[in-house]
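So the structure is just underneath, and the comments pick up after that.
The values are calculated or read from the model by the stated rules, or taken from the named source; none is laboratory data. Here the structure is a predicted model, which is why all the values come from computation and not from measurement. Here the Cβ positions follow ideal geometry from the backbone for every residue, glycine too, while neighbour counts run over all protein chains shown.
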Amino acid sequence: MKERLIKGGLSIIALTSLGSLFLIAFFIFKEGIPIILRVGPDKFFFSTNWRPFEKEFGILSMIVGSLSVTCGTLILSVPLGVGCAIFLAFFAPTLMRQLLKPVLELLFAIPSVVYGFMGVVILIPLIQTYFGGPGYSILACSIVLTIMILPVIVSLSLDAIQAVPRSYLEGALALGATKWQAIWRVILPAARSGINAGVILAMAGTIGETMAVIMVAGNSVKMPHSILDAVRPLTANIALEMGYATGEHQEALFATGVVLFIVIMILNVIARFVAKSGVSK
Amino acid sequence: MRAEPTKIQRLLIFFLWSVAFFTIGILIFIIGYILIKGLSYVDLKFLLTLPEKMGKEGGVWPFIFSTLYITSVCLVISVPLGVGTAIYLSEYTREGWFNSVIRFGCDCLAGIPSIILGLFGFIFFVIYLKMGWSVLAGGLTVSLMILPFVIRSSEEAIRAVPCALREASLSLGASRWQTVMRIVLPNALPGILTGIILGIGKCVGETASLILTAGSSLRLPVSIFDSGRTLAIHFYILAREGISMEKAYATAAVLIISILVINIAAYKLMHHFVKRYKRESIFWIRLQ
Amino acid sequence: MNKRGFDHWVTTLLIVLGLMLGGCGRAKREITITLSGSTSVQPFAERLAEEYTLRNPEVRIDVQGGGSTAGIRAVKTGICHLGMSSRELKEDEKDLNRILIARDGLAIVIHPTNPLDDISLDDVQRIFAGELSNWKGLSGIDHPIYPITREEGSGTREAFTGLIMKQSKISPGTLVQDSSGAVREAIATNPYAIGYISLGLVNERVKALNIDGVTPTKENIDSGAYPLTRPFLFVSMEEPKGKIKEFVDFVLSSDGQKILEEEGLLSAR
């Protein structure tokens, strides 16, 4: 009897995370959906005019902003991250491995405000000097986010690489391939789904990052034309104006949140699906 | 004409080494920069006095206190829920649809960016439940953030407890619950604690969601319904408003040191008991 | 080992609970006055609150940010006692009780190495509207201008648009920073940037421009020669009473005004 009670209690506890997920979705959607419908989805998603005080809520330039920053980050971080994972798995001497892992853990643990701050103090002047432009740019965002997201890509790629049976590598080496050829042609294809899942999760993390981005993105509401242009990603839009927003403006920010929420949920589901597809093979 | 495979390999290995050094260099640079710029302003007085002139002078005591306060509220909520869920998932059910639904929910919750959690916390805890900007609302919001993480690491720790121990306990006539409380949990404790400590690290560094839910009052929060400003938020405001760069660097130094201490503590704890785990580090669990 | 491990568990929990209860136990407290609103006024209000509570330790003053509009709304809904605004009240806000606590000059600032010293209001407007995008016509340097503005909803931005932009709009390509300090920092690190901040925040890292030949000094603002000023307001539902009135009286007293002047504002009187 007592055991039953305990089991019941525990199952309720276990449902809290699921429950809070629904609660979050419910409240964000409740606040955000009406305004999208009122403005009209076409205007909301495909207009670049964001003038909250004149009731114009178009978030296209912010969607483009988020996408361009994410692309930039992936272009920089995937080669670095997967490279780091390969290094850890196959080439690093023990000492280096013992050093690199805590380093990555700490990089992950450093608060995002600190990254943003370092970006403003160090990176922005550098970009101004060497590339021109205002400094606050897609490039600055991508570099800061690359450093932040690197540990995630490394750890997930490493897991995927280490899950490949050792015999694959040995077999390839025995056939006369160099170690690099074996890794490139045999190990990486075999670990592909795990790495892909990691990259997709990293993508979700990049899109959702706020504090570091708001400090280095420049936040202008305009379609970017080059990587040296300033952008306002979706998260920055929320954080920037939430403090001031009331009424419809606030609802529009929640609507921005709805877009963000949906995109990230989709990415999470895809990542799960991709990871699973690798396991069953 | 094709390049020689061994040459390519040498080139690529060189690239990998530079990536590794680059990564290490970045970390050393960030930590070094903040500590060199800030550490000289940090002393006991800075840590234990109240701020004056919006933080231009004086110390950071209220912010340290708020950080601890919000973190404790967060732990009081997320630890029982997280460990409870982990026990349920690993001890009370077999793998089935119910389990995978809960795991899926957990993964999704882990993926929600903190600004969205902040929006939710603002509209639900602050406005709807009328908590106002408060330690309670902030603590509840961050507890949602670290809950999936506590579940994950506890589950991993509980699963690492050898089955033989459970079987022995059950065969001696102990009930399932007794086995969990007396055998499984004590044995899994180091792993669970490691997860919790790393969760504390996440709380300490959190900014986006807390600005929207805990407010940014300069005062020492007395009751749980008072607004409080954490160290990370204080650093953000000092640096952004340009109130005082010296104090900003000093606050950042305190923040970085506490993050270092938290992570080293977790690392040591885990290292001590690492043999029980399949994986080499709890960290790698956290990221999934 | 098992027993000991469990003791740790219990101790941790007790410490945590103790911390929380300790907090709640002291919850019986003095009178609290809450202020919320403009982030521009916030630092000054915090400074005033600090001085006031030194003299009246039984009063606790909570100062929140949030922005002028949010602060005014918070007063209307009764969430806080006093709202802070860094802009004049709008038509639909006129029914509230308006208390002028100080005035603030708005400075147009550029990088110190920029040779420009003087600018006309018209040029400022054209720069921020995106019509004037090169320094060439102004300071002779052939380089694009990077205007920097505050975010939508900020009282400083509203004061700026009211004083300068009039009917035209700030161009969407303008860089946006979420605080005056961040604007100042961005300008201090970019030789081609231009922005606007509170006069009290101007320091050696940026240069404040003369407007049509008039230097932004206290004298020129007092005489009305310098055109860019805005009010700092406290806003309340009705005439303040009791402790709130005492606090407002302190702010308006010569002591309170002196503090504000020390911090770079202009006395309300």
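Tell me which residues, restricted to the range A:121-142, are more than 7 Å from every other protein chain (Cβ to nearest Cβ) and within 18 Å of B:TYR33 (Cα to Cα). Spell out how you get there, then give the answer.
First, pick out the residues of the range A:121-142 that are more than 7 Å from every other protein chain (Cβ to nearest Cβ): A:121-123, A:126-127, A:129-133, A:137-142.
Once the filter is applied, which keeps residues that are more than 7 Å from every other protein chain (Cβ to nearest Cβ) and within 18 Å of B:TYR33 (Cα to Cα), the range A:121-142 yields A:VAL121, A:ILE122, A:LEU123, A:LEU126.
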Restricting the search to the range C:56-85, which residues are more than 9 Å from every other protein chain (Cβ to nearest Cβ) and either without any contact (Cβ under 8 Å) to a residue 24 or more places away in the chain or in a loop (DSSP other than H, G, I, E, B) (or both)? C:ASN56, C:PRO57, C:GLU58, C:THR77, C:GLY78, C:CYS80, C:HIS81
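Where in the range C:151-249 are there strands (runs of 3 or more DSSP E), lying fully within it, with 2 or more residues that are in contact with a helix residue (DSSP H, G or I) (Cβ under 6 Å, 6 or more places away or on another chain) and buried (at least 17 other Cβ atoms within 10 Å of the Cβ)? Write out each step before concluding.
Details: elements: C:175-177, C:193-198, C:229-236.
Where strands (runs of 3 or more DSSP E) fall fully within the range C:151-249 and carry at least 2 residues being in contact with a helix residue (DSSP H, G or I) (Cβ under 6 Å, 6 or more places away or on another chain) and buried (at least 17 other Cβ atoms within 10 Å of the Cβ), they are C:193-198, C:229-236.
Looking only at residues that are β-branched (Val, Ile, Thr) and facing another protein chain (nearest Cβ under 10 Å) in the range A:153-177, which one is surrounded by the most Cβ atoms within 10 Å (Cβ to Cβ)? Full working, then the answer.
Applying the first criterion (β-branched (Val, Ile, Thr)) to the range A:153-177 yields A:153-154, A:161, A:164.
Applying the additional criterion that residues be facing another protein chain (nearest Cβ under 10 Å) yields A:153-154.
Values: A:ILE153: 29, A:VAL154: 31.
Per the criteria, the residue is A:VAL154.
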Tell me the residue from A:ILE138, A:ILE195, A:ILE161 that is at pLDDT 90 or above, touching a strand residue (DSSP E or B) at 6+ places or on another chain (Cβ under 9 Å) and not hydroxyl-bearing (Ser, Thr, Tyr), please. A:ILE138
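Quick check on the range B:177-188. Is at least one of its residues within 30 Å of A:GLU251 (Cβ to Cβ), surrounded by fewer than 24 Cβ atoms within 10 Å (Cβ to Cβ) and within 13 Å of chain A (Cβ to nearest Cβ)?
As a first pass, look at the range B:177-188 and keep what is within 30 Å of A:GLU251 (Cβ to Cβ): none.
Within the range B:177-188 (the criterion being within 30 Å of A:GLU251 (Cβ to Cβ), surrounded by fewer than 24 Cβ atoms within 10 Å (Cβ to Cβ) and within 13 Å of chain A (Cβ to nearest Cβ)), the answer is no, since none of the residues qualifies.
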Tell me, which residue of the range B:224-247 that is in contact (Cβ under 8 Å) with a residue 60 or more places away in the chain and of a type in the set (Gly, Ala, Ser) is farthest from B:ILE115 (Cα to Cα)? B:SER244
Where A:SER112 falls short, out of the listed (1) crowded, with 24+ Cβ neighbours inside 10 Å; (2) touching a Leu at 6+ places or on another chain (Cβ under 9 Å): (2)
Candidate set from the range A:178-218 (those that are out of contact with any Gly (no Cβ under 9 Å at 6 or more places or on another chain) and outside any helix (DSSP H, G or I)); member that is nearest to the other protein chains (Cβ to nearest Cβ): A:THR178
Can you find a residue that is within 29 Å of C:ALA74 (Cβ to Cβ), under 20 Å from the mean Cα position of the chain (by Cα) and in the same structural domain as C:ASN134 (by TED's automatic domain parsing) anywhere in the range C:200-222? yes
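If you check B:SER100 against the conditions, is it under 26 Å from A:ARG272 (Cβ atoms) and modelled with pLDDT under 90? Write out each step before concluding.
Numbers: under 26 Å from A:ARG272 (Cβ atoms): yes; modelled with pLDDT under 90: yes.
Considered against the rule, which asks whether it is under 26 Å from A:ARG272 (Cβ atoms) and modelled with pLDDT under 90, B:SER100 comes out as yes.
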Residue in the range B:124-138 that is surrounded by 18 or more Cβ atoms within 10 Å (Cβ to Cβ), modelled with pLDDT of 90 or more, in contact with a Phe, Trp or Tyr (Cβ under 7 Å, 6 or more places away or on another chain) and more than 14 Å from B:CYS74 (Cβ to Cβ) present: yes
From the options A:PHE87, A:PHE29, A:PHE53, residue that is under 27 Å from A:ILE138 (Cα atoms) and aromatic (Phe, Trp, Tyr): A:PHE53
Counting only residues that are more than 10 Å from every other protein chain (Cβ to nearest Cβ) and either of a type in the set (Phe, Trp, Tyr) or touching a His at 6+ places or on another chain (Cβ under 7 Å) (or both), the range B:1-41 contains a total of 2
Going residue by residue through the range C:102-116, is there one that turns out to be farther than 30 Å from C:THR189 by Cα and of a type outside the set (D, E, K, R)? yes
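Look at B:GLY191 and say whether it is assigned to a helix (DSSP H, G or I), within 12 Å of chain A (Cβ to nearest Cβ) and either of a type in the set (Gly, Ala, Ser) or surrounded by fewer than 23 Cβ atoms within 10 Å (Cβ to Cβ) (or both). First the steps, then the outcome.
Details: assigned to a helix (DSSP H, G or I): yes; within 12 Å of chain A (Cβ to nearest Cβ): no; either of a type in the set (Gly, Ala, Ser) or surrounded by fewer than 23 Cβ atoms within 10 Å (Cβ to Cβ) (or both): yes.
No.
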Quick one: which helices (runs of 4 or more DSSP H) sit completely within the range A:1-102 and have at least 3 residues that are within 30 Å of B:VAL76 (Cα to Cα)? A:2-39
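Residues in the range B:198-212: is at least one facing another protein chain (nearest Cβ under 10 Å), touching a Leu at 6+ places or on another chain (Cβ under 6 Å) and assigned to a helix (DSSP H, G or I)?
If we filter the range B:198-212 for residues that are facing another protein chain (nearest Cβ under 10 Å), which is where we start, we get B:198, B:201-202, B:204-209, B:211-212.
This time we only want the ones that are touching a Leu at 6+ places or on another chain (Cβ under 6 Å), so: B:209.
Applying the additional criterion that residues be assigned to a helix (DSSP H, G or I) yields B:209.
So far as the range B:198-212 goes, yes, one or more of its residues are facing another protein chain (nearest Cβ under 10 Å), touching a Leu at 6+ places or on another chain (Cβ under 6 Å) and assigned to a helix (DSSP H, G or I).
When the range A:219-239 is examined, which residues are found to be among the polar types (S, T, N, Q), at the interface with another protein chain (Cβ under 8 Å from one of its Cβ atoms) and on the phi < 0 side of the Ramachandran plot?
Applying the first criterion (among the polar types (S, T, N, Q)) to the range A:219-239 yields A:219-220, A:226, A:235, A:237.
Those still in the list that are at the interface with another protein chain (Cβ under 8 Å from one of its Cβ atoms) too: A:219-220, A:235.
Matches in the range A:219-239: A:SER220, A:THR235.
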When the range B:199-227 is checked residue by residue, the ones that are modelled with pLDDT under 85, crowded, with 24+ Cβ neighbours inside 10 Å and among the hydrophobic types (A, V, I, L, M, F, W, C) are B:LEU218
Which members of the range A:240-255 meet the condition of being modelled with pLDDT of 90 or more and within 13 Å of chain C (Cβ to nearest Cβ)? A:ALA252, A:LEU253
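Could you check the range A:25-50 and list, in sequence order, the residues that are surrounded by 17 or more Cβ atoms within 10 Å (Cβ to Cβ) and in contact (Cβ under 8 Å) with a residue 12 or more places away in the chain? Quick ask: steps written out before the conclusion?
Just the residues of the range A:25-50 that are surrounded by 17 or more Cβ atoms within 10 Å (Cβ to Cβ), to begin with: A:25, A:27-29, A:31-32, A:35-36, A:39, A:44, A:50.
Of everything in the range A:25-50, those that are surrounded by 17 or more Cβ atoms within 10 Å (Cβ to Cβ) and in contact (Cβ under 8 Å) with a residue 12 or more places away in the chain turn out to be A:ALA25, A:ILE28, A:PHE29, A:GLU31, A:GLY32, A:ILE35, A:ILE36, A:VAL39, A:PHE44, A:TRP50.
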Check on A:PHE53, of a type in the set (A, V, I, L, M, F, W, C), touching a residue at least 12 places away in the same chain (Cβ under 8 Å) and under 22 Å from B:ALA110 (Cα atoms): no
Being in contact (Cβ under 8 Å) with a residue 24 or more places away in the chain, surrounded by fewer than 24 Cβ atoms within 10 Å (Cβ to Cβ) and out of contact with any Pro (no Cβ under 8 Å at 6 or more places or on another chain) is the filter here; which residues of the range A:206-225 pass it? A:MET223, A:PRO224
Subset of the range B:77-120, residues buried (at least 18 other Cβ atoms within 10 Å of the Cβ) and either in contact with a Cys (Cβ under 6 Å, 6 or more places away or on another chain) or of a type in the set (Asp, Glu) (or both), comes to B:GLU91, B:ASP107
Could you tell me whether B:PHE225 is aromatic (Phe, Trp, Tyr) and in a loop (DSSP other than H, G, I, E, B)? yes
For the range A:61-88 the number of residues that are more than 30 Å from A:ASP42 (Cα to Cα) and free of Cβ contacts under 8 Å to residues at least 60 places away in the same chain is 3
What's the total number of residues in the range A:82-109 that are at the interface with chain B (Cβ under 8 Å from one of its Cβ atoms), of a type in the set (D, E, K, R) and touching a Leu at 6+ places or on another chain (Cβ under 8 Å)? 1
